[in-house]
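Colleague: Input: one structure, supplied below.
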Amino acid sequence: MPNCEIFLVPRNSLFSLLGSVKKGDNNGFQVMSAIVDWEENTPAPRCIYCSALFDKEDISGWVVITGESYPTAIAGICLQCIDQKDLLDRALKQLEAETDLIVEVDHRGRA
């Protein structure tokens, strides 16, 4: 099973994410690339938590799974759901179902 990492990226953290990309952070690059691709290629986004349709301008953040041997998985989060306590667990289950990924969390909390 390949190693992967799960990131919750609030919209207001994009500036600091860009800074990590400029410093050569590979995870930051994968996450930023996934967000740019999502922005360019998602015509009618749905929230990964509540499934509501929302405008891209109303996005509150993204859940991104990065890894080496498969494409990055990404989903948007609406304004109402970004602070849900079980957001990552629920998003992970949804992304696994949509992408056929199986993610097992190791003892350090990484997937």
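Colleague: Go through the stretch 3-15 residue by residue and turn each phi into a ³J(HN,Hα) via Karplus (6.51, -1.76, 1.60, θ = phi - 60°); whole Hz please, and just put x for glycine and proline.
Modeller: Values per residue, Gly and Pro as x: 7, 8, 10, 10, 10, 9, 10, x, 4, 6, 9, 4, 5 Hz.
Colleague: What percentage of all Cα-Cα pairs in the stretch 4-99 are separated by more than 21 Å?
Modeller: Working: 1196 of 4560 pairs.
So the pairs more than 21 Å apart make up 26 percent of the total in the stretch 4-99.
Colleague: Can I ask one more? Under a Cβ-only charge scheme (Lys and Arg +1, Asp and Glu -1), can you give me the dipole magnitude of the stretch 2-77 about the Cα centre, in debye to the nearest 20? Display every interim value, and only then the final one.
Modeller: Numbers: 5 positive and 9 negative charges, 30 e Å.
With only Lys, Arg, Asp and Glu charged at Cβ, the dipole is about 140 debye.
Colleague: Work out, step by step, the length gained on full extension between SER51 and GLU98: first 0.36 nm times the residue separation, then minus their alpha carbon distance; give nm to one decimal. Don't skip to the answer; put the middle values down first.
Modeller: Details: separation 47, 0.36 × 47 = 16.92 nm, distance 1.31 nm.
Between SER51 and GLU98, full extension yields an extra 15.6 nm.
We did not get these values from a lab; they are worked out from the coordinates using the rules stated. Just so it is clear, the structure is predicted and the values come from calculations on it, not from any experiment. With ideal geometry, Cβ positions are generated from the backbone for all residues, glycine too; neighbour counts draw on all protein chains shown.
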